[in-house]
Amino acid sequence: VAAVSVRDVAHVYGRGGSAVRALGPISLDVPAGEFLVLVGPSGCGKSTLLRLIAGFDRPTSGAVTVRGEVPEPGRQSGVVFQQPRLFPWHTVGDNVGLALRYAGVPRAERPARVAELLDRVGLSGTAGRRVWEISGGQQQRVAMARALAGDRDLLLLDEPFAALDALTRERLQEDLRRVGHETGSTSVFVTHSVDEAVFLATRIVVLSRRPGVVTLDLPVDLPRT
Ligand code: ADP
Ligand code: ADP
């Protein structure tokens, strides 16, 4: 069963004269374990598609399912935005632990799970640091750990590295590729950087802003390190 299924999905914001056709119609299956990258120009509907998969919005027409279910925010997937959106005055561990609490993980199990999640994103030993003390790149790693909390094996990322400097971005891309390709999690990643797409993706989908233009769907078969 596909991790994500998008069937004849179109999305329109607003009504009547102010209606904005934002996406589609588009159909897409994301098999489990795939690292799908959505690319395309600004305004082509990338964020909209991600929001529909996250369950933040319901599509105007068509159907989105995640592991066969209608998506609910925070249930099947974790989302990483361009800005990390953490609690800055709390510790790194508390930020991740809170996500585990929301996911229903018993208190006694949380410290070990926090350590394990931080280890996965390259942040071992930082649980006691305050968020405001760590760098922007480290904060984005915390956001990734939080998104993976509670066995949500679908990671949705909306230009997560766009605000970072080039060196930090490259490090995070390498680590995210490792997380995505080694742990068997499924990822849908939005970017307008073709370079980033080619580095991360096992498959690239190119959206167009023009209705009726065929969406390009490219399997990527690059040597993996
Ligand atoms: P992308 O992520 O590819 O830049 P978006 O999904 O953000 O594209 O936007 C697609 C289109 O929908 C754009 O024309 C955008 O202005 C419009 N749009 C996005 N969100 C809203 C919203 N909440 N209300 C109205 N229009 C929106
Ligand atoms: P990003 O490119 O980082 O996703 P955007 O500026 O495209 O940020 O969008 C930020 C938020 O504003 C999103 O929730 C998007 O849906 C919404 N948005 C985008 N375009 C419009 C629009 N024309 N009208 C209202 N909301 C919009």
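Since every read-out is calculated from the coordinates, none of them should be taken as a lab result. Model, not experiment: these values are computed from the prediction. In this analysis, Cβ positions are derived from the backbone assuming ideal geometry, glycine residues included, and neighbour counts consider all displayed protein chains.
Amide hydrogen proximity for L23: with H placed 1.01 Å from N in the peptide plane, the residues at 5 or more positions away or on another chain lying under 5 Å are H11. Cα-based values for segment 35-166, radius of gyration first and Dmax second, are 15.4, 46 Å.
Here the mean projected area of the convex hull built on the C-alpha positions of the chain is 12.9 nm².
Counted over all Cα-Cα pairs of segment 158-200, pairs farther apart than 15 Å make up 39 percent. Taking every DSSP helix (H) stretch of at least 4 residues in the chain, weighting each as -39,500 (n - 2.57) and dividing the sum by the residue count yields a mean residue ellipticity at 222 nm of -9000 deg cm²/dmol.
Result for the chain in a Gaussian network model with C-alpha springs under 10 Å: among I134, I53, I26, the largest mean-square fluctuation is at I134. Label sites at Y102 and Y13, each approximated as a point 7 angstrom past Cα along Cα to Cβ, lie 2.2 nm apart.
Once Rg and the Kirkwood radius are both taken over the C-alpha atoms of segment 139-183, their ratio Rg/Rh works out to 0.95.
Distance from the C-alpha centroid of segment 140-181 to that of segment 60-86: 16 Å, rounded to the whole angstrom. In a fully extended conformation the segment linking R67 and D29 would gain 12.6 nm over its present Cα-Cα distance, using 0.36 nm per residue. All Cα-Cα distances of segment 25-107, cut into 10 Å bins from zero to the largest, leave 13, 40, 31, 14, 1 percent in each bin in turn.
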